[in-house]
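Encoded as structure tokens, the structure appears first; notes follow it.
Bear in mind these aren't lab numbers, they're just calculated from the coordinates by the rules spelled out. Please read these numbers as outputs of a predicted model, since none were measured by experiment. Please note: Cβ atoms are built from the backbone with ideal geometry, for glycine as well, and neighbour counts cover all protein chains shown.
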4 protein chains.
Amino acid sequence: MQKDFTLPSTKNGKSQIVFEPPWHYGATYISSHVKFDESANELLPDFLTTDGEGFIYIAEFISMSDSTWDYMYQDPDLVQYMEGAIGLKVIFEGKDYFYFPFMWVDKDWALVRGWLDGFPKKIAKISMSRLHPLLPKYNKPEKGLKLGGYVVRGGGVMFRLQVNLEEKTDSLPTKNFGSYLNIRRFPSRGNGEEDLYELTSRVRDVSNYGEIWKGTASVELGGYVNDEVDLLKIKEVYAGYYYTSYFRVTETKLLKKLVSKMNSF
Amino acid sequence: MQKDFTLPSTKNGKSQIVFEPPWHYGATYISSHVKFDESANELLPDFLTTDGEGFIYIAEFISMSDSTWDYMYQDPDLVQYMEGAIGLKVIFEGKDYFYFPFMWVDKDWALVRGWLDGFPKKIAKISMSRLHPLLPKYNKPEKGLKLGGYVVRGGGVMFRLQVNLEEKTDSLPTKNFGSYLNIRRFPSRGNGEEDLYELTSRVRDVSNYGEIWKGTASVELGGYVNDEVDLLKIKEVYAGYYYTSYFRVTETKLLKKLVSKMNSF
Amino acid sequence: MQKDFTLPSTKNGKSQIVFEPPWHYGATYISSHVKFDESANELLPDFLTTDGEGFIYIAEFISMSDSTWDYMYQDPDLVQYMEGAIGLKVIFEGKDYFYFPFMWVDKDWALVRGWLDGFPKKIAKISMSRLHPLLPKYNKPEKGLKLGGYVVRGGGVMFRLQVNLEEKTDSLPTKNFGSYLNIRRFPSRGNGEEDLYELTSRVRDVSNYGEIWKGTASVELGGYVNDEVDLLKIKEVYAGYYYTSYFRVTETKLLKKLVSKMNSF
Amino acid sequence: MQKDFTLPSTKNGKSQIVFEPPWHYGATYISSHVKFDESANELLPDFLTTDGEGFIYIAEFISMSDSTWDYMYQDPDLVQYMEGAIGLKVIFEGKDYFYFPFMWVDKDWALVRGWLDGFPKKIAKISMSRLHPLLPKYNKPEKGLKLGGYVVRGGGVMFRLQVNLEEKTDSLPTKNFGSYLNIRRFPSRGNGEEDLYELTSRVRDVSNYGEIWKGTASVELGGYVNDEVDLLKIKEVYAGYYYTSYFRVTETKLLKKLVSKMNSF
């Protein structure tokens, strides 16, 4: 049997799109803590509900498997990606979880790695402010600094986000959102195959933060024919954040299997 | 239970990345029938072997689910994609199959749809000649016309292909390659989960061809750190082809399940 | 002296971004004839005025210099580009001209070639319906067919356009828009340099049309911080068109030089 | 007369592709000081010669006009770009200059701004290592760190560059390359128009460096049909560098005008 974590399966295993965990993530985020109205439930499967508390972010990641540190200099595209996401605090079987109906990235391996763990990633164009230490302005995070970005997919702007920094803070509101809730979907593709939803929870076995800045935020929601972001309405923007983070992922925990008969042929 | 074929799972189902089959494919190909040397086996999992007969192509697809014809005018990016691939005639349990160690596309939904059916797709930049009926040259396929293209991923050229048309022909050499052999890979992501390879065969329930042109071809193989195309050596280029095709896909047939213990944590 | 038409200037001249004319253009368009309100004058330099009659299009081009036909198979990216544009019928010194405040393309050589002749091209993501002859639907232009596309630049949708075909027609409304009016801009970059606007008119020395289809159209205008498309308001959408065209360009005619002193340092 | 520095010329001036200088540049570079063989002269116009001393770099820029600082958060794509370049120490009329036969960027405004000042920029895909302060490795520049990147245009890899850091140093070898030498090219586009080359020198009115790291480097040169990088042969790689820099540009100095008659029609 092969030693490939993912395809394509070759003798050396060097062509696989995602390498075996642990995976390392160094990230820089702009984000906003928001309250959506109850229409946010339109974006959830039947077994989840939300009161509309949400978290929107854009982030730049440097990320690799333990076995692909050399990609850092051999092919930076294989360790760098941008991500934009819209997350909701949801309730599943009476317990709070952090669930993402929308997550966009700009690299194939980040997409496939996400799907392996139940994040419904799509490819988009994602842009975010970057500072430079030698510029006369915008050279470091500080009070009054404005940062922003956006996610664009196909013919639509998914969202734009701007954050205005005010002060350092100690933690993020997502610490109260619960564990991650992910959905792995295995649609039946032929006779006699199960049509399966696996509810899992991705685990961060290490998680650190650098500086966390808090301030105000403005969010413009868009969406288009294949991304129902327009179903979301913002009731309140609580705050904006800018922060760096490191985390490590090795495995997911299986919460529940749901077998459907609907997609039988 | 939801009616989503794929994620994200929403009430209307309009955000899913791939919609339920049947899927329609209108395609235009340039391709080359080649013989690789025996090193081609380096690109196969242990349960497959090849004598090196191969088929390389670049194609432009217009493709949709029965339920997404409206994307044709609403968002053409959701029905158009480019694809490049390197295929091998392989033997599995004594029978010939057509297997693709490498397949690159340029859209997320084409990638995810491919992975659902066991094609190890990655995202690449893919370019191919296109004709225009009103140009003074290159206005239609004809003897002497040269067509070409390439696939580039990250920091490497995967391959370049050029075809020189000579005459119309009736069929393609791939009719002797056998059925498709696909691998669906479900790596174990946590305690108690199977680490699974599913060998399946994708079925085309309708398949038509337009004009098929045959001629000579030239192929330059590249590859880079995450795509071992460099392990392939061409012994002979048999011919080049340019053709159009329509096919429809509804399901895959499960050939075998292989459960590994290797990726347990 | 070198024989390069454009830079970089090398001994063989093979690296130049745009090669010497004549240039050939094979194009497929979707477009809309519209009436903007008088705010369209906000998008014009002081020496031009408009009554708001306009023409919006998205097109796919196959285009080359007489000396670069081989790029067709060597590197299709060097002969293929997408273009989206917003044009206005303007008055300059009492005469009608066809002027483009906005023109977006997706290739560098198309951009530079445009700037040489006074089109203010920017790079954008441009998408447009493409038909395939073997698909069960959308296989040829016909009554009732809907085609569409869009232009997206950075964080904003510039415009979306959809056309619903009704019948074949003989000509386009732009035949009454006058000759092209282009602006070449040479800002002063140092002491003693003129700050120059050259008004020129690009000439098509051959121009043919294939089938022209007429129908209805819908246009959504967007724009963002660096593209003031939002200043345009549509009063009426007269019609939509789908057509193919071939034209050839060799030179421009200089209409007037305007020297400014404003940008002196 | 308009107040636009570049096109398109509108009443508010907010749509112009490049805004008036001064322009600020915050940059992070990996680079290599090399000796090419004498074939490097093949890449020069007749009025320049080189002994083959060269400088190759890939850089990430945050750059804006004094009037476009707000683009930092409104649209980061309008202030961020990647650049790759191959430079040569050349002799013009007996004096040393620093000249770039090849320069690739990934944004339209960076391309047009370059052409205004005589840099022959093309659009390419450019990738370069980025560090993250919270990662367990690759969190800061230090002895032994490997950084790399590449430039890919169309169907060809232009070059790949890797640098292995050894120690901090005080300056770069390019301080001995002379002032910049740029070529502005205005090909004749019609009857009675001059066909013009303007030799100018771009001036940095402020220029600072952050940390400069020196080490070894490896360079792989590529090129393809429209980029004659393959004419360069490396005789020696002297060293590799990693550094940050800030500079400001306001104007260029005109060195000489060369009028050709060759492109008359």
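No other residue among B:46, B:96, B:4, B:70 is surrounded by fewer than 20 Cβ atoms within 10 Å (Cβ to Cβ), more than 7 Å from every other protein chain (Cβ to nearest Cβ) and out of contact with any Lys or Arg (no Cβ under 7 Å at 6 or more places or on another chain) apart from B:70. Right, residue C:62: assigned to a strand (DSSP E or B), in contact with a Leu (Cβ under 7 Å, 6 or more places away or on another chain) and within 13 Å of chain B (Cβ to nearest Cβ) or not? Against the criterion (assigned to a strand (DSSP E or B), in contact with a Leu (Cβ under 7 Å, 6 or more places away or on another chain) and within 13 Å of chain B (Cβ to nearest Cβ)), residue C:62 qualifies.
Among the residues of the range D:7-19, those that are touching a residue at least 40 places away in the same chain (Cβ under 8 Å) and more than 7 Å from every other protein chain (Cβ to nearest Cβ) comprise D:18, D:19. Among the residues of the range A:81-93, is any β-branched (Val, Ile, Thr), under 17 Å from the mean Cα position of the chain (by Cα) and either closer than 25 Å to residue D:82 by Cβ or facing another protein chain (nearest Cβ under 8 Å) (or both)? Within the range A:81-93, none of the residues are β-branched (Val, Ile, Thr), under 17 Å from the mean Cα position of the chain (by Cα) and either closer than 25 Å to residue D:82 by Cβ or facing another protein chain (nearest Cβ under 8 Å) (or both). When the range D:94-106 is filtered for residues that are out of contact with any strand residue (DSSP E or B) (no Cβ under 6 Å at 6 or more places or on another chain) and without any contact (Cβ under 8 Å) to a residue 40 or more places away in the chain, only D:94 remains.
Quick check on the range B:2-11. Is at least one of its residues within 25 Å of residue B:132 (Cα to Cα) and out of contact with any Leu (no Cβ under 8 Å at 6 or more places or on another chain)? No, that holds for no residue.
Scanning the range B:20-43 for residues that are of a type in the set (Asp, Glu) and within 30 Å of residue B:235 (Cα to Cα), we see that the one that is farthest from the other protein chains (Cβ to nearest Cβ) is B:37. With the requirement that a residue be without any contact (Cβ under 8 Å) to a residue 40 or more places away in the chain and under 14 Å from residue B:169 (Cβ atoms), what does the range B:187-215 give you? Residues satisfying the conditions are B:209, B:210. Just one of the numbered conditions (1) in contact with a Lys or Arg (Cβ under 6 Å, 6 or more places away or on another chain); (2) touching a residue at least 24 places away in the same chain (Cβ under 8 Å); (3) more than 8 Å from every other protein chain (Cβ to nearest Cβ) is not true of residue A:114: (2).
Number of residues in the range C:129-165 that are at the interface with chain B (Cβ under 8 Å from one of its Cβ atoms), surrounded by fewer than 24 Cβ atoms within 10 Å (Cβ to Cβ) and either in contact (Cβ under 8 Å) with a residue 24 or more places away in the chain or of a type in the set (Asp, Glu) (or both): the value is 2. Any idea which residue in the range A:99-111 is nearest to the other protein chains (Cβ to nearest Cβ), counting only those that are over 17 Å from residue A:31 (Cβ atoms) and touching a helix residue (DSSP H, G or I) at 6+ places or on another chain (Cβ under 7 Å)? Among those residues, the one meeting the criterion is A:108. Please verify whether the range D:61-69 includes one or more residues that are without any contact (Cβ under 8 Å) to a residue 12 or more places away in the chain and of a type outside the set (A, V, I, L, M). Among the residues of the range D:61-69, at least one is without any contact (Cβ under 8 Å) to a residue 12 or more places away in the chain and of a type outside the set (A, V, I, L, M), which makes the answer yes. For the range A:234-250, does any single residue satisfy the condition of being under 30 Å from residue C:222 (Cα atoms), touching a residue at least 24 places away in the same chain (Cβ under 8 Å) and either within 14 Å of chain D (Cβ to nearest Cβ) or not in a strand (DSSP E or B) (or both)? Yes, the range A:234-250 has at least one match. Residues of the range B:91-137 that are of a type in the set (Asp, Glu) and touching a Ser or Thr at 6+ places or on another chain (Cβ under 7 Å): B:117 alone. Taking the criterion of being touching a His at 6+ places or on another chain (Cβ under 9 Å) and either closer than 17 Å to residue A:171 by Cα or small (Gly, Ala, Ser) (or both), would at least one residue in the range A:216-224 satisfy it? Yes, because at least one residue in the range A:216-224 is touching a His at 6+ places or on another chain (Cβ under 9 Å) and either closer than 17 Å to residue A:171 by Cα or small (Gly, Ala, Ser) (or both). For the range A:19-42, filtered to residues that are assigned to a loop (DSSP other than H, G, I, E, B) and surrounded by fewer than 23 Cβ atoms within 10 Å (Cβ to Cβ), the residue that is farthest from the chain's Cα centre (by Cα) is A:37. The set of residues from the range D:117-128 being in contact with a helix residue (DSSP H, G or I) (Cβ under 9 Å, 6 or more places away or on another chain) and either over 17 Å from residue C:111 (Cα atoms) or within 14 Å of chain A (Cβ to nearest Cβ) (or both) comprises D:124, D:125, D:127, D:128.
Only one entry in C:191, C:226, C:176 is polar (S, T, N, Q), over 30 Å from residue B:139 (Cβ atoms), more than 14 Å from chain B (Cβ to nearest Cβ) and surrounded by fewer than 17 Cβ atoms within 10 Å (Cβ to Cβ), namely C:191. Inspection of the range B:73-83 finds a residue satisfying the criterion of being buried (at least 24 other Cβ atoms within 10 Å of the Cβ) and closer than 22 Å to residue B:179 by Cβ.
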